[in-house]
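Values in this text are rule-based calculations from the coordinates and carry no lab data. In this text the structure is predicted, and so the values were computed from the model without any measurement. With ideal geometry, Cβ positions are generated from the backbone for all residues, glycine too; neighbour counts draw on all protein chains shown.
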Amino acid sequence: MTRNISTVTNNKHLLSLKALYLKYHLTDLSIDRIIEMAWEDRTPFEAIEYQFGLTEAEVIQLMKHELQLRNWQKWRARVQGRKTKHQALRGAEVTRFRCSRQRQVTRNRISKR
């Protein structure tokens, strides 16, 4: 684990976040991939849970900590109620995870084409 979590205070939220990092052995690379998958419209939370073990609530908590407040608010507004982010709500016709025209997300920044 390469994230600096040694500066965590007695705040309950931060302690649970530290436990999250330790429980799933999250590295910078895996955190970047989770953030990328969370931003993708066609990747359901179940795929993130299958690959990394994080539940939807844990992904939301991770995103809130890793993103700037404004970006987190945009992401929450985008995924709330979105059928493609929940496998049970998607139609059978949706078989891909990502649009071919979607930009890459690395180190919490969207790259330009």
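Below, the figures for the structure above:
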quantity	calculated
Distance (nanometres) between label positions extended 7 Å along Cα→Cβ at residue 83 and residue 65	3.4
Candidate aspartates and glutamates for bridging to residue 23, where Cα separation is under 15 Å - those fewer than 8 sequence places away on the same chain excluded	49, 58
Approximate spin-label separation residue 28-residue 72, in nm, with each point projected 7 Å along Cα-to-Cβ	2.2
